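A.B. asks: Sharing a structure here in structure tokens format.
The values are calculated or read from the model by the stated rules, or taken from the named source; none is laboratory data. All figures in this text were calculated on a predicted structure; none of them were measured in a lab. When we count neighbours, we look across all protein chains shown, and the Cβ atoms used for this are built from the backbone with ideal geometry, even at glycine. Note: accessible area is taken over every heavy atom of the protein model, side chains too, but ligands, DNA and RNA are not part of it. Shrake-Rupley method; radii C 1.70, N 1.55, O 1.52, S 1.80 Å.
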Amino acid sequence: MSEAIGAAPVRRFALDADGRRVAFAVLAAAALFAVGDLVHPGFAGAASIEAVALNASFVGLVAAGQCFVVLVGGIDLSIPWVLNGAAILLVTASLGQNARAGFAVALTLGMGALVGFVNGFGIAVLAVPAVVMTLAMNGVMEGLTLGLSGGLTCGACASYAPPVVRAAVNGGFLGLPAALWVWLFIIVAVTFVLGFTGFGRKTYAIGNNALASRLAGVNVRAITILLYMLSGMFSALAGIMLVGFGGQASLGMGTPFLFQSVAAVVIGGLDILGGRGNYVGVAAGSMSLMALISVLLAVDMPEYGRSILYGVVILLLLLAYGRNRAAD
Amino acid sequence: MDGETEQSGVAAIEGRGVSRAFGGVHAVENASFAVRAGEVHALVGENGAGKSTLIRILGGLIRPDGGEIRVGDETVSFATPRDAHARGIRTVFQELTLFPAMSVAENLLLGHEPRGPSGLIRRSALDGAAEAALAGLGITHIDPRALVEETSLAERQVIEIARAVLRAPRVLFLDEPTSALVEHEVEWLFAIVRRLRGEGRAVVFTSHRWREVASIADRITIMRNGTEVGTFPTIEESEAVRLMTGRRVGALYPPLAPAPTGDTVLAAEHLEGPGFRDVSFRLGRGEILGFGGLTGHGHRELFLSLFGAAPLSGGALRVGGKPLHPRRPRDAMAAGIALIPEDRKTEGLLLPMSVRDNLTLALIDLLCRAGVIARGRERSMAQRMVATLQIKTPSLAQAVGNLSGGNQQKVLLGRWLLAEPQVLLLSDVTRGVDVATKSEIYELIMRLAAGGRGVLLYSSDALELSHLCHRVLVMREGRIVRELAAGGFTAEDVVAAAVGETQLAA
Amino acid sequence: MSASLAAPARLTRVRRYLLHNLGLNLALALLVVVVALYCGVYFAQQGRFPGNFELTSTVDNTMPLVLAAIAQTLVVLTRGIDLSIGGMMDLTNALAAAHMKAGIGSMLGWSALILAVGAGLGLVNGLLVAYGRLQPILVTLATLSIFQGLAIRVLPDPGGAIPQAYTDALVNTSAPWALVYVVALALLWLGFRRSALGVALFAVGNDERAARANGIDVIRTKLAAYMMGGVFAALAGLVLAATATSGDATTGDGFTLRSVVAVVLGGVSLFGGRGSAIGAMAGAFITMMIVNVLFFTAIDPLYQSFFEGLFLVVVVVLGAVIGRRFRRG
């Protein structure tokens, strides 16, 4: 892949480049399954693919939120503790009772939206850099989650997710786990929103040039705030799904998702400066990432080796996707 | 100081058959240009003729795709401006290259700071050295301790020029050095230029003001469409303009319809905002009202404020008879105002996005039903505008960044025509646009006015203002200093008022 | 010549100094406030003011973050960000714990080698950013993962040992000796600020394009910034090992984000070209003082992150507001 570094900076058409990146992400996933099948026969079988997809669905949900904010050149570092807080809020608010499930889910999603609103307000209105604002909010959510739950020692903290929520995640429908149906629905919905609505068009416009968008009458602040709210809600949704999947909440369950969501977004071909890429690529990126992790686990790669390889893979993809826009 | 005098046959710097394309469009194509030691050489041509690109190539900022650069009798290749500096070639680029968060002194002496025995910069001596250096060039009004971001645009231009001159270059390129300078600042610059010439150095400059060119240049090179048309010791203005545009002066501009007597569409009284004060004027339906003035003298801020993109802190604004307090662009748009900003690449277009996306952006909310874009309507709307304005693009899906400058500008105009505004604020709409498109844009503006719209037109090209506008208001230091009324003014009058010349040629 | 316009009113010396170093001055003022606050709550709890022991332990405990904050500053000034600082600290910390033996030769040799490793790690980041033209945030996120993996490879389990003599040489636990280091680092910074490289660093952070047009070698400047950042991160890893007297391949992880917080509190602009390492050092002490204040106000330690996060937002927003007011006059 290293030839790409030295390649002449040919001016490419933006849409072609986007398509190329999505294709890359899909190919990467396919290649990983192929390689996995070689080193670990059966890896590319239906059951194994389904298992990888199930894992990818959680990352994919979080990455959907990350995708929205990265499209306007932002980033959401508050994901870990929004997700963790959401998981704990769901079980403590529902007390594991079906009767309270609807209320608890609504409350949890509302919490995610509220955190996202605060993030978006700080970034869009108070002009705090996204890195700083969301980093600080991650701390705020960590402190609140730990403090209010007494470090997950509260009476209600040991509750399980309500049976309906668990069924909605673990149940099957037409031979596929329900969590995958949820993800498929999200893939379609996010792709539709980004590709076919005014909101999506404005999102790309802001990501490409916020000033020009404002001068074309786009309400940049409102859209930015909405995008961060979406990110908060997707983190909360992932928290709900995870706690529904595993039954109980735990501390630190959100931590891996920050790195993984950024990785999925990058592998999926989004430009970290905003304005380029789509969620199909990010979904494929989530699959690739989880396939990679599964392959490495299947061959008993030790933790340090996995950590090194994640980094190397991301660097190679970055180099393959080409130089950043500042170059021209 | 290397005061070696060149043989008149050997050029101080020369470009032979130089070419450079951006995204398939030739900015400079097979251009040749030679500068002799001890001369002042003017490089003239329309916006987009390739002057700036040629200067960037000779200054080492960009590499040519083809051709040869010679210094003395050597062929050279500049990878960076550093290499050009080593050959005694310094350039003041059109986009200023100062560091906003650093002091004037740090900027001025960058790389040449007074140093102590340890090799570290002596801060105590820095400001004094800068002050002395500035004084040596006759500049006493700029505080070397101020940060560059605290200085005015004109001061920055002076600092930038001073920095280049202080390095005692053999060849000094100045790309539009006077665009923000008032009369006495221009005089200051020309005194410096004469001094450099007296020392056997070469100065190349570009300017849109013919009077400046005529008063100081020893030779004049004219460029058109990326290549040189010829080099002349002296040339008549009308002949020069003909060579620059490829046609007679008048032919570029369609005849101006008589000033309308209709009702007022926009009335401004004592408007005040960041960068301008006490601005009052009336714009009639069908009128093209020009705004003249130097860069940085308030017109930009005025237009942004009228459009709600910058705050209006005082005064009253009425549009179509109704009071308007635009707090954001949407407010102004709702009142029927459209703004075509100065820099279409950074303020107007979304370059990586498609022609269609760019055309419909301002109307996207109207094209949505329940939040979903009505794609069919959107496509037909975009197609209609591409046809109306004869935008040359392979498809609606083409990224705007891949179109030529003229077609990019048409896309931006098309976006706002779709919004069917009552008042158009146009800023330098023909910058970087080819001659044919220019002519089309002029006709379009006149057609829009004839259709009953009001047009406010800012242009850095005084000739354009004098041919296109019914009246021209000239701004200086944030105020309207002169109104040039219908029919009786020339481009020279506009420039004279803008630079603050005391006696106005009648 | 005719160019002399009427000289505009020039700023007074004091006002200009305050304005031009606003971020630094606000950070120092904030440090004074939080130190006073700390002394206040300490007095309320203990009935006396903090003494030599508190000062010594605070300064010692803050040193690794001070060094990490300097590393972060160097990179942030070029308009970058280094998320791999924690990983570099992990790796250097692990190397020291795994290999360093008592004996002056081993201690000096490994220290030098580890600093060189830090420079090498920084160089990798720099090459990818400057030559690869990749976004710093993504490059260093990827190298963070790589460095963390390498650290675990070097020291799979916490442990190893740091020679007592090394700890004694670097960390004096009986007197606030580390304050001398702080002063030395501040002086070093002031000197660097006056070197050609220091000027180039600020120029590149201010406007990369303008720096190039002025003949500054942008690539070399960035490489130098990332390499120096690596050296300071390695130094932070060594001091951390010396303080803990043993190694841990994950002990540096928290320092990535804390170094960003210190830099932001220290008034260094994340958009590059503005700020001072002295401010970032103050920022490091501020974060540490906040932890101490929370400790003595008997706030449930579980809420610690909440207050730290809140504090960060409030400081950044207030800083921006004060800056705007101050500039307007």
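A.B. asks: Residues being more than 9 Å from every other protein chain (Cβ to nearest Cβ) and either basic (Lys, Arg) or out of contact with any Phe, Trp or Tyr (no Cβ under 9 Å at 6 or more places or on another chain) (or both): count how many of those fall in the stretch C:288-313.
C.D. replies: Matching residues across the stretch C:288-313 total 5.
A.B. asks: Here is a follow-up. List pairs: first in the stretch B:353-372 and touching a residue at least 40 places away in the same chain (Cβ under 8 Å) and of a type outside the set (Gly, Ala, Ser), second part of a strand (DSSP E or B) and open to solvent by less than 20 Å² (accessible area, probe 1.4 Å), Cβ under 9 Å, 6+ apart or cross-chain?
C.D. replies: Sorted first by the residue in the stretch B:353-372, then by its partner, the pairs are B:Met353/B:Ala399; B:Val355/B:Ala399; B:Thr360/B:Ile373.
A.B. asks: Report yes if B:Arg318 is open to solvent by 50 Å² or more (accessible area, probe 1.4 Å) and over 19 Å from B:Ala338 (Cβ atoms), otherwise no.
C.D. replies: Answer is no for this residue.
A.B. asks: Now for a separate question. Got a sec? Which of B:Pro169, B:Pro117, B:Pro144, B:Pro100 is open to solvent by 20 Å² or more (accessible area, probe 1.4 Å), more than 8 Å from chain C (Cβ to nearest Cβ) and either on the phi > 0 side of the Ramachandran plot or in a loop (DSSP other than H, G, I, E, B) (or both)?
C.D. replies: Answer to the selection: B:Pro117.
A.B. asks: Let me ask something else. Test each condition in (1) within 30 Å of A:Ser149 (Cα to Cα); (2) within 14 Å of chain A (Cβ to nearest Cβ) for C:Gly283 and report the one that comes out false.
C.D. replies: Evaluating C:Gly283 over (1) within 30 Å of A:Ser149 (Cα to Cα); (2) within 14 Å of chain A (Cβ to nearest Cβ) leaves (1) as the failure.
A.B. asks: On to the next question. Out of all the residues in the stretch C:180-190, which are surrounded by 14 or more Cβ atoms within 10 Å (Cβ to Cβ) and farther than 16 Å from B:Glu106 by Cβ?
C.D. replies: Those that are surrounded by 14 or more Cβ atoms within 10 Å (Cβ to Cβ) and farther than 16 Å from B:Glu106 by Cβ: C:Tyr181, C:Val182, C:Leu185, C:Ala186, C:Trp189.
A.B. asks: For the condition in contact with a strand residue (DSSP E or B) (Cβ under 7 Å, 6 or more places away or on another chain) and outside the structural domain of B:Thr430 (by TED's automatic domain parsing), what is the one hit in B:Ile288, B:Ile222?
C.D. replies: Sole residue among the options that is in contact with a strand residue (DSSP E or B) (Cβ under 7 Å, 6 or more places away or on another chain) and outside the structural domain of B:Thr430 (by TED's automatic domain parsing): B:Ile222.
A.B. asks: Against the condition more than 19 Å from C:Gly230 (Cβ to Cβ) and at the interface with another protein chain (Cβ under 10 Å from one of its Cβ atoms), how does C:Arg153 come out, does it pass?
C.D. replies: no
A.B. asks: When you go through B:Pro323, B:Pro352 one by one, which is the residue that is open to solvent by 20 Å² or more (accessible area, probe 1.4 Å) and more than 28 Å from A:Val72 (Cα to Cα)?
C.D. replies: That would be B:Pro323, the only listed residue that is open to solvent by 20 Å² or more (accessible area, probe 1.4 Å) and more than 28 Å from A:Val72 (Cα to Cα).
A.B. asks: Quickly run through the stretch B:398-428 and pick out the residues that are part of a loop (DSSP other than H, G, I, E, B) and over 21 Å from B:Phe22 (Cβ atoms).
C.D. replies: Once the filter is applied, which keeps residues that are part of a loop (DSSP other than H, G, I, E, B) and over 21 Å from B:Phe22 (Cβ atoms), the stretch B:398-428 yields B:Ala419, B:Glu420, B:Pro421, B:Gln422.
A.B. asks: In addition: Could you tell me which residue of the stretch B:381-397 is most open to solvent (accessible area, probe 1.4 Å), considering only residues that are among the hydrophobic types (A, V, I, L, M, F, W, C) and in a loop (DSSP other than H, G, I, E, B)?
C.D. replies: B:Ala397
A.B. asks: Moving on. Test of understanding: among A:Gly311, A:Gly281, which residue is at the interface with chain C (Cβ under 10 Å from one of its Cβ atoms), modelled with pLDDT of 90 or more and open to solvent by less than 10 Å² (accessible area, probe 1.4 Å)?
C.D. replies: Within the list A:Gly311, A:Gly281, the selection yields A:Gly311.
For every residue, the table says whether it meets (1) assigned by TED's automatic domain parsing to the domain that holds B:Ile391; (2) under 20 Å from the mean Cα position of the chain (by Cα); (3) assigned to a loop (DSSP other than H, G, I, E, B).
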position: B:Glu269; (1), (2), (3): no, no, no
position: B:Asp278; (1), (2), (3): no, no, no
position: B:Arg300; (1), (2), (3): no, yes, no
position: B:Ala316; (1), (2), (3): no, no, no
position: B:His325; (1), (2), (3): no, no, yes
position: B:Asp331; (1), (2), (3): no, no, no
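Each row is one residue, and each column tells you yes or no for (1) under 22 Å from B:Gly226 (Cα atoms); (2) within 11 Å of chain C (Cβ to nearest Cβ); (3) open to solvent by less than 20 Å² (accessible area, probe 1.4 Å).
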| position | (1), (2), (3) |
| --- | --- |
| B:Lys51 | yes, no, yes |
| B:Leu61 | yes, yes, no |
| B:Pro64 | yes, no, no |
| B:Arg70 | yes, no, no |
| B:Asp73 | no, no, no |
| B:Ser77 | yes, no, no |
| B:Arg82 | no, yes, no |
| B:Gly88 | no, no, yes |
| B:Val92 | yes, yes, yes |
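A.B. asks: Scan the stretch A:221-243 and give yes if some residue there is surrounded by fewer than 22 Cβ atoms within 10 Å (Cβ to Cβ) and either touching a strand residue (DSSP E or B) at 6+ places or on another chain (Cβ under 7 Å) or among the charged types (D, E, K, R) (or both), otherwise no.
C.D. replies: Within the stretch A:221-243 (the criterion being surrounded by fewer than 22 Cβ atoms within 10 Å (Cβ to Cβ) and either touching a strand residue (DSSP E or B) at 6+ places or on another chain (Cβ under 7 Å) or among the charged types (D, E, K, R) (or both)), the answer is yes, since at least one residue qualifies.
A.B. asks: Also: Please specify each residue of the stretch B:347-380 satisfying the condition of being at the interface with chain A (Cβ under 9 Å from one of its Cβ atoms), farther than 14 Å from A:Ala205 by Cβ and assigned to a helix (DSSP H, G or I).
C.D. replies: Within the stretch B:347-380, just B:Arg375 meets the criteria.
A.B. asks: A further question follows. Go through the stretch A:74-173 and tell me which helices (runs of 4 or more DSSP H), entirely inside it, have 2 or more residues that are open to solvent by 10 Å² or more (accessible area, probe 1.4 Å) and in contact with a Ser or Thr (Cβ under 7 Å, 6 or more places away or on another chain).
C.D. replies: Hits in the stretch A:74-173: A:79-94, A:130-148.
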